[in-house]
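Colleague: Next up is a structure, given as structure tokens.
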Amino acid sequence: MKEQFLTSSVQRERDYLRQYEYLVLTVSPVDSLPEARRRLVEHSEYGKWELERSKLYVGGGRRFWLRRRVMQVQRTV
């Protein structure tokens, strides 16, 4: 199955065993690298995401996996 990167997308997932929340950014080949970098910086600064993994595909598409720890809040009442 051939994967096409025609548009950029964002996908969120949650890993309940490891207590991390994941954000997958897909960047199409027509988007510039500075634009992709700007989007990553915005997510990391304002959303407290950290870069876990990145992958460059043959056609020029890029995919970035960001994660952040899920905070467990306990009731006090």
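The values are calculated or read from the model by the stated rules, or taken from the named source; none is laboratory data. Model, not experiment: these values are computed from the prediction. So basically every Cβ, Gly included, is an ideal-geometry build from the backbone, and we count neighbours across all protein chains shown.
Colleague: For residues that are without any contact (Cβ under 8 Å) to a residue 24 or more places away in the chain and not β-branched (Val, Ile, Thr), scanning just the stretch 55-65, find the one that is nearest to residue 21 (Cα to Cα). Before the answer, list the steps.
Modeller: Within the stretch 55-65, the subset without any contact (Cβ under 8 Å) to a residue 24 or more places away in the chain is 55-56, 58.
Within this subset, residues satisfying the condition of being not β-branched (Val, Ile, Thr) are 55-56.
Working: 55: 19, 56: 22 Å.
Looking at the filtered set, the residue picked out is 55.
Colleague: Return the pairs, sorted by first residue and then second, in which the second residue is at pLDDT below 90, the first residue lies in the stretch 41-54 and is on the phi > 0 side of the Ramachandran plot, the beta carbons are less than 8 Å apart, and the residues are 6+ apart or on different chains.
Modeller: 48/68
Colleague: Looking at the stretch 23-38, I want the residues that are small (Gly, Ala, Ser) and have a partner that is exposed (fewer than 12 other Cβ atoms within 10 Å of the Cβ) with Cβ atoms under 8 Å, at least 6 apart or on another chain. Which pairs are those?
Modeller: 28/6; 28/7
Colleague: Applying the selection to the stretch 41-77, what residues are at pLDDT 90 or above, exposed (fewer than 11 other Cβ atoms within 10 Å of the Cβ) and assigned to a loop (DSSP other than H, G, I, E, B)?
Modeller: 58 - this is the single residue of the stretch 41-77 that is at pLDDT 90 or above, exposed (fewer than 11 other Cβ atoms within 10 Å of the Cβ) and assigned to a loop (DSSP other than H, G, I, E, B).
Colleague: Can I ask one more? Restricting to the stretch 24-34, count the residues that are in a helix (DSSP H, G or I) and at pLDDT 90 or above. Walk me through how you get there before you give the answer.
Modeller: Step one: list which residues in the stretch 24-34 are in a helix (DSSP H, G or I), which gives 33-34.
Filter again for at pLDDT 90 or above, leaving 34.
Residues in the stretch 24-34 being in a helix (DSSP H, G or I) and at pLDDT 90 or above: 1 in total.
Colleague: Could you please find all residues in the stretch 19-77 being of a type in the set (D, E, K, R) and touching an Asp or Glu at 6+ places or on another chain (Cβ under 6 Å)?
Modeller: Of the residues in the stretch 19-77, the ones of a type in the set (D, E, K, R) are 21, 31, 35, 37-39, 42, 45, 48, 50, 52-53, 55, 62-63, 67-69, 75.
Scanning the stretch 19-77 gives 67, 68.
Colleague: Is it true that residue 41 is over 12 Å from the mean Cα position of the chain (by Cα) and among the aliphatic types (A, V, I, L, M)?
Modeller: Numbers: over 12 Å from the mean Cα position of the chain (by Cα): no; among the aliphatic types (A, V, I, L, M): yes.
So residue 41 does not fit the description; no.
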